[in-house]
Amino acid sequence: MKNIGKYSIALLFSMAMGGTITSCTDEVGDVEINVVKGSTDSCATVEVAKGMMFQALALIHDTREHKYQYQFNLHIDNYSGYLCVANNLEGRLPSTNFMNPSFESGPLANFLWVTRQVVPVMNSAEKLKFPELGAIANIAFCYSAQELTDVYGPMPYADYRKLKQDPPMNYMSVKDIYTDIFEQLKKSVAVLKAAQLTPEKEAVIASFDKIAGGSINNWIKFANTLRLRMAMHIRKIDPAKAKLEAEAAVSAGVLESGDQNIEYNISGGRHPLFVISDSWNDTRLNASFENILKRLDSPMLAHFFADNEKMILDKTGAVVVPEPHAVFEGIRSGTSVFNKNDNTGAYLLFSKLNANFAGTNIAIMKVVESIFLRAEGALYGWNMGGTPQFFYEQGIRESFIKEFSDRIGNIKLRKYMALAEPLDVKYVDLYDSKNNYSDVKNMVQVGNMWNDTDTNERKLERIMTQKYIANFPMSLESWTDIRRTGYPRLIPVVYDAGDHSTKGGIIRRLPFQLEGSVSEDDVYSTGIPVLGGEDYQGTRLWWDVNAPNF
């Protein structure tokens, strides 16, 4: 069969020396790849490598609004229960759970953009006598590859490491990809721990590093925390290796309370999600996140989201929220939404992100994720350096202190931690009462206060729910947590308008993308055999085991 949807890579050669990111358009669906002028697999000088790293770090979680929308907001943000598309994008997304294949190539596009920048640096590090630069580039590649395999499943991982551009491309299993990433991260950490940087090399790293502050130590902790994350992902499928990798990662040094987040510093700019929500009116609070925050009386609801600004009418034209009257309202996943120009009185009036969120840096790995991972590991009996309760409470405290000032954060924290049981709050769709939801089994069933007499299952729900709140807006990792543990509890979708393979459950993966260097033959000959099921949204990935948590 012929190669399907091959990326155009010959068009864009303008970013050779580390200039600005180039794109033909800034439209959703733009999948051109930027490549370096001249050789596409190596860097002639440290200056070229520096420029490529500068570009790569802005592409891991894309700093551009349309690209971020395509990478996360049109699908994964909804699958995680954080956000919901607020209009039908001119008919291309008639339901928020609809599967639009053209939108779902966004995660792959970003991975390929990152790969085009970091692999030449990895290939050239020894020649340039700058192994630390290669180690940092390798960590960036590993992080992006881990995220991509958690989206689609198997991929031509080894071929992508070689920048192979022509079929056949050989899909590797998720298990084999994880195995190699574990080893690659250990190799990179060993290089960085042995580093004796000159002032000139330190200046090079500081000049491009907008995610870890130019600190080798932060890159070491980033890599080890990624190992800890991956170890937790594989707990059900390979518990022995999961425990071994998790304990080794913690021993080697992970992100801890007081450390800086690994995040792209937007330097006075605006987070892409804020623009997508506030300026474009394309995304709103999800009903599941709204309900979790309300039932747990979380100050994060008003901290991140805006209450309504206008009167809200239901579908019959009756006034359900007078003006002015502050309410926070989310859209239930699977709801049929409208063209933004046709129906300004309904879902577009639900809660958007507020000005507090506008200047938020673009998170790649938060300190709170590391802390809650250790809480979960300790619950399984792993040596994480503390008890589940210690890390659980530390994680919440870290989140509050990072979002608020110390004084305000501590005041809010004391009130928050005193809530022993969730409040009795049901979901009400103010526009369409048929979408209301009151079945408590799909709403959070634990409060914020730790209870050491709880079952392990209830303790796990506490940990995962608080991690979910603290990790916002990192939707991919939260979606992964939901897939592997079932927590936090999400309100079921109104209508599964995908490929109908989930049987009313959550979407578990995105279908393979026939883009880039792969062909349809590659997908069917090597991709599907190592997937372990058909190329559907409901097919579980290798680590996504259908088994009890305990």
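The table below gives the values:
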read-out	value
For H75, residues with placed amide H under 5 Å, excluding near neighbours	none
Cut-off 20 Å (backbone N to label point 7 Å along Cα→Cβ of T387), residues of the range 234-262	257
Net charge dipole size for the chain [Lys, Arg +1 and Asp, Glu -1 on Cβ; Debye, nearest 20]	920
Cα gyration tensor of the chain - equivalent ellipsoid semi-axes, whole Å, descending	35, 28, 23
Relative contact order of the chain, pairs being alpha-carbon contacts under 8 Å that are 6 or more residues apart, as %	20
Neighbourhood charge, 14 Å Cβ-Cβ cut-off, centred on I364 and excluding it, Lys, Arg +1 and Asp, Glu -1	-3
Rounded D (µm²/s) - the range 164-268, Kirkwood Rh over Cα pairs, Stokes-Einstein at 25 °C, 0.890 mPa s	157
Order of F304, F390 - criterion: other Cβ atoms within 10 Å of each residue's Cβ, fewest first	F390, F304
Of K67/K241; K67/K186; K50/K210, those spanning more than 24 Å from alpha-carbon to alpha-carbon	K67/K241; K67/K186
Separation of the D342 and D297 label points, Cα + 7 Å toward Cβ, nm	4.3
Assigned charges on the beta-carbon of Lys, Arg, Asp, Glu; the range 173-295 dipole about Cα centre (debye)	400
Sorted by Cβ density within 10 Å, fewest first, the residues M474, M172	M172, M474
Rounded tilt (10° steps) of 456-471 against the dominant C-alpha axis of the chain	70
Proximal aspartates and glutamates relative to K434, as straight alpha-carbon distance under 14 Å, when same-chain residues fewer than 8 apart are discounted	D314
Estimated FRET transfer efficiency (E90, E534; beta-carbon r; R0 35 Å; 0.05)	0.70
Sites A158 and E202 - FRET efficiency at Förster radius 35 Å, r taken between beta-carbons, to 0.05	0.60
Reach of K187 by Cα under 15 Å, taken over aspartates and glutamates that are not fewer than 8 positions away in the same chain	E126, E132, E245
Stretchable slack from Y495 to D176, in nm (0.36 nm times residue separation minus alpha-carbon distance)	111.3 nm
Cross-link pairs beyond the 18 Å C-alpha cut-off, checked among K366/K402; K315/K352; K162/K193; K294/K426; K310/K352; K315/K426	K315/K352; K162/K193; K315/K426
Tilt relative to the chain, helix 106-124 - C-alpha long axis, 0 to 90 degrees, to 10	30
Environment charge at P131 (Cβ cut-off 13 Å; Lys +1, Arg +1, Asp -1, Glu -1)	+3
Principal-axis tilt of helix 367-379 within the chain, Cα atoms, nearest 10 degrees	80
Mean shadow area of the range 285-337 over all directions, Cα convex hull, nm²	4.2
In Å, descending, principal axis extents of the Cα set of the range 403-540	59, 37, 32
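Every number here is computed from the coordinates shown, using simple stated rules; none is lab data. Given the structure is predicted, the values throughout are model-derived calculations rather than measurements. Using ideal geometry, Cβ is built from the backbone for each residue, glycine included, and neighbour counts are taken over all protein chains shown.
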